[in-house]
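The values are calculated or read from the model by the stated rules, or taken from the named source; none is laboratory data. What you are looking at is a predicted structure, and each value in this text was computed from that prediction instead of being measured. Methodologically, a virtual Cβ is constructed for each residue, glycine included, from the backbone with ideal geometry; neighbour enumeration extends over all protein chains shown. Just the protein is used for accessible areas: all its heavy atoms, side chains included, with ligands, DNA and RNA removed. Shrake-Rupley method; radii C 1.70, N 1.55, O 1.52, S 1.80 Å.
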Amino acid sequence: AAGVIQSPRHLIKEKRETATLKCYPIPRHDTVYWYQQGPGQDPQFLISFYEKMQSDKGSIPDRFSAQQFSDYHSELNMSSLELGDSALYFCASSLRDKEETQYFGPGTRLLVL
Amino acid sequence: SQQGEEDPQALSIQEGENATMNCSYKTSINNLQWYRQNSGRGLVHLILIRSNEREKHSGRLRVTLDTSKKSSSLLITASRAADTASYFCATDAEPGGSYIPTFGRGTSLIVHP
């Protein structure tokens, strides 16, 4: 069965650069979530989208923005990268009426040097 | 915050033994979920238990929920080396609202062959 796809899987950036992470949800899933997991930390919710509209907002820095497109894929844009942004970024998708069951992607590991 | 807190933080056992991990949370919840994460990989949903349930089974997994103590436990019976992973509990942040799981810090389980 198709799973959540994230790209790239690994990314290395310099401080103050920008990065764009992509997420392709499971087909027919209408809700996408983004999480950040720092080294040795628990995943922290960043932001979610339902039907291309922002649904909920968590601890997403102002330097980050995200959107969901007409094909339901989502992109997380990160600007003015800081060393502390180094983390594993997960995307998850679900059906709105079954949002308790989120399917996670493999994550993008971002390293900021 | 309704953050779940797992204990122990780390658990090391021999193959065939049972592993018990605990999770405590702070406020009322609709449900609690357990996830597994292999090192640097995505989160895999294991089991969901609702606030009106006390126990749930799935294969070698047994989850209990005590809402009076605001705690849950995950028992893995007859553990295998392949069970080596980090295990997180997650609670929903706003009962009645969108489902945004709040993760605890996780228990790192090592099963020695």
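Assuming B:Ser79 fulfils every condition listed in (1) in a loop (DSSP other than H, G, I, E, B); (2) among the small types (Gly, Ala, Ser); (3) within 14 Å of chain A (Cβ to nearest Cβ) apart from one, which condition is it?
(3)
So which residues in the range A:67-113 are more than 9 Å from chain B (Cβ to nearest Cβ), of a type outside the set (Phe, Trp, Tyr), over 20 Å from B:Leu32 (Cα atoms) and part of a loop (DSSP other than H, G, I, E, B), if there are any at all?
A:Ser70, A:Asp71, A:His73, A:Ser79, A:Ser80, A:Leu81, A:Glu82, A:Ser86, A:Leu113
Condition test on A:Ser70, is it farther than 30 Å from B:Ile49 by Cβ and modelled with pLDDT of 95 or more?
So A:Ser70 fails the test.
Test B:Arg62 against the stated conditions and say whether it is within 26 Å of A:Ser93 (Cα to Cα), open to solvent by 60 Å² or more (accessible area, probe 1.4 Å) and at pLDDT 95 or above.
Yes; evaluated as a whole, the condition is true for this residue.
May I ask you to list the residues in the range B:1-50 that are without any contact (Cβ under 8 Å) to a residue 40 or more places away in the chain and touching a His at 6+ places or on another chain (Cβ under 9 Å)?
B:Ile47
For A:Ser55, which of the numbered conditions (1) of a type outside the set (Phe, Trp, Tyr); (2) more than 13 Å from the chain's Cα centre (by Cα); (3) open to solvent by 60 Å² or more (accessible area, probe 1.4 Å) fails to hold?
(3)
Residues being more than 19 Å from A:His73 (Cβ to Cβ) and open to solvent by less than 30 Å² (accessible area, probe 1.4 Å): count how many of those fall in the range A:21-44.
Looking only at that region, the number is 4.
Looking only at the range A:89-111, count how many residues are of a type in the set (A, V, I, L, M) and open to solvent by 10 Å² or more (accessible area, probe 1.4 Å).
Total meeting the criteria: 2.
Restricted to the range A:4-20, and to residues that are among the hydrophobic types (A, V, I, L, M, F, W, C) and open to solvent by less than 20 Å² (accessible area, probe 1.4 Å), which residue is farthest from A:Lys98 (Cα to Cα)? Talk me through it step by step, then tell me what you get.
Kept after step one, since they are among the hydrophobic types (A, V, I, L, M, F, W, C), are these residues of the range A:4-20: A:4-5, A:11-12, A:19.
Subsequent filtering for residues that are open to solvent by less than 20 Å² (accessible area, probe 1.4 Å) retains A:4, A:19.
On the way: A:Val4: 16, A:Ala19: 31 Å.
Top of the filtered list is A:Ala19.
Report every pair of residues separated by at least 6 positions or lying on different chains whose Cβ atoms are under 7 Å apart, first residue within the range A:31-48 and more than 10 Å from chain B (Cβ to nearest Cβ), second open to solvent by less than 10 Å² (accessible area, probe 1.4 Å) and among the small types (Gly, Ala, Ser).
Close Cβ pairs satisfying both conditions: A:Val32/A:Ser48; A:Val32/A:Ser74; A:Val32/A:Ser93; A:Gln36/A:Ala87; A:Gly38/A:Ala87.
Which one of the conditions (1) surrounded by fewer than 22 Cβ atoms within 10 Å (Cβ to Cβ); (2) under 29 Å from B:Trp34 (Cβ atoms) does A:Ser70 fail to meet, given that it meets all the rest?
Status for A:Ser70: all satisfied but (2).
Only one of (1) in a strand (DSSP E or B); (2) open to solvent by less than 30 Å² (accessible area, probe 1.4 Å); (3) among the small types (Gly, Ala, Ser) fails for B:Ser12. Which number is that?
The single condition B:Ser12 does not satisfy is (2).
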